[in-house]
1. With the requirement that a residue be assigned to a helix (DSSP H, G or I) and of a type in the set (Val, Ile, Thr), what does the stretch 12-37 give you?
2. Of the residues Asp150, Asp53, only one is surrounded by fewer than 19 Cβ atoms within 10 Å (Cβ to Cβ), out of contact with any Ser or Thr (no Cβ under 8 Å at 6 or more places or on another chain) and under 17 Å from Glu6 (Cα atoms); which?
3. Give Ala78, Ala104, Ala72 a once-over and let me know the one that is outside any loop (DSSP other than H, G, I, E, B), farther than 25 Å from Gly158 by Cα and in contact with a strand residue (DSSP E or B) (Cβ under 9 Å, 6 or more places away or on another chain).
4. What single numbered condition from (1) buried (at least 17 other Cβ atoms within 10 Å of the Cβ); (2) of a type outside the set (Val, Ile, Thr); (3) under 26 Å from Ala105 (Cβ atoms) fails to hold for Arg30?
5. Filter the stretch 192-204 for residues that are surrounded by fewer than 12 Cβ atoms within 10 Å (Cβ to Cβ) and within 33 Å of the chain's Cα centre (by Cα) and give the result.
6. How many of the residues making up the stretch 33-50 are surrounded by 10 or more Cβ atoms within 10 Å (Cβ to Cβ), of a type in the set (Lys, Arg) and over 14 Å from Cys113 (Cβ atoms)?
7. Taking the stated definitions as given, is Arg115 at pLDDT below 95 and assigned to a strand (DSSP E or B)?
8. What pairs can you find where one residue is in the stretch 35-55 and on the phi < 0 side of the Ramachandran plot, the other is of a type in the set (Asp, Glu) and assigned to a loop (DSSP other than H, G, I, E, B), and their Cβ atoms are less than 8 Å apart, with a gap of 6+ or different chains?
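The values are calculated or read from the model by the stated rules, or taken from the named source; none is laboratory data. Nothing here was measured: the structure is a model prediction, and the numbers come from that model. Heads up, the Cβs are rebuilt from the backbone with ideal geometry, glycines too, and the neighbour counts pull from every protein chain shown.
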Amino acid sequence: MAFACEILTLFPGMIRGYASESILGKALERQHLSLTVTDVRDFAAGKHHVTDDAPYGGGAGMVMKVEPLALAIAAAKARLPSARVVLLSPRGATFSQAKARSFAAAGSMILVCGRYEGVDERAMTVIDEELSLGDFVLTGGELGALVVFDAVARLIPGVLGNAESAQTESFESGLLEHPHYTRPVEWNGLSVPAVLQSGDHARIARWRRWQSLTLTQARRPDLFSKVELTKEDRKLLGKGEEEL
């Protein structure tokens, strides 16, 4: 059964353009995924379908109105009754690979793209959680929604050409991924490591694990501190590359 996602936005073209290309586009065509893109303006009253208004108490910017947003969410929930409603917001918890896995296991999700200065706080009564990409602010939630959809989609069976790809990528094991090389063997005086040309699969596996361990230790000590190292990992860390 396909993983189902609905994205609520004021700018549907931003979502459809990205989702129609590359791996996501092929997965949608093959029905490994289903994506509904809903224009929140369709639920706004009046001739001009206004979805924003000035904030009470004054201040800069505009605020997304609660009525059209709540109606759009209700319509999405009618289509995906078991899906969690997630607002992309700077004040949300930081999105992670673990969160992507939990969405993939759930089978569906509804993503709400915030805009302007934010959404009317009363909309939180129909939103299950807020998610952020990090400590920075974007113009709207569309990029965040696409990031979440893309990350989750890669975990759905059939989406990637090689199922092993999702299992070996950065963060899946708590470590950064090892370096990759392809042809040509020589480029600008730089060579593909001899171990990768050796055909010795056990040695290649050791080299890749060693690279993941050392890269994570050097570049993301915060991640490395959380990894449960095996006895073999500790031995690898004590070796130089030539000893592998």
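1. Result: Ile15, Ile23.
2. After applying the criteria, what remains is Asp150.
3. Checking each option against the conditions leaves just Ala72.
4. Answer for Arg30: the failing condition is (1).
5. His201, Ala202
6. Filtering the stretch 33-50 down to residues surrounded by 10 or more Cβ atoms within 10 Å (Cβ to Cβ) leaves 33-45, 49-50.
This time we only want the ones that are of a type in the set (Lys, Arg), so: 41.
Among the residues that remain, those that are also over 14 Å from Cys113 (Cβ atoms) are: none.
Of the residues in the stretch 33-50, 0 are surrounded by 10 or more Cβ atoms within 10 Å (Cβ to Cβ), of a type in the set (Lys, Arg) and over 14 Å from Cys113 (Cβ atoms).
7. So Arg115 does not fit the description; no.
8. Pro55/Glu117
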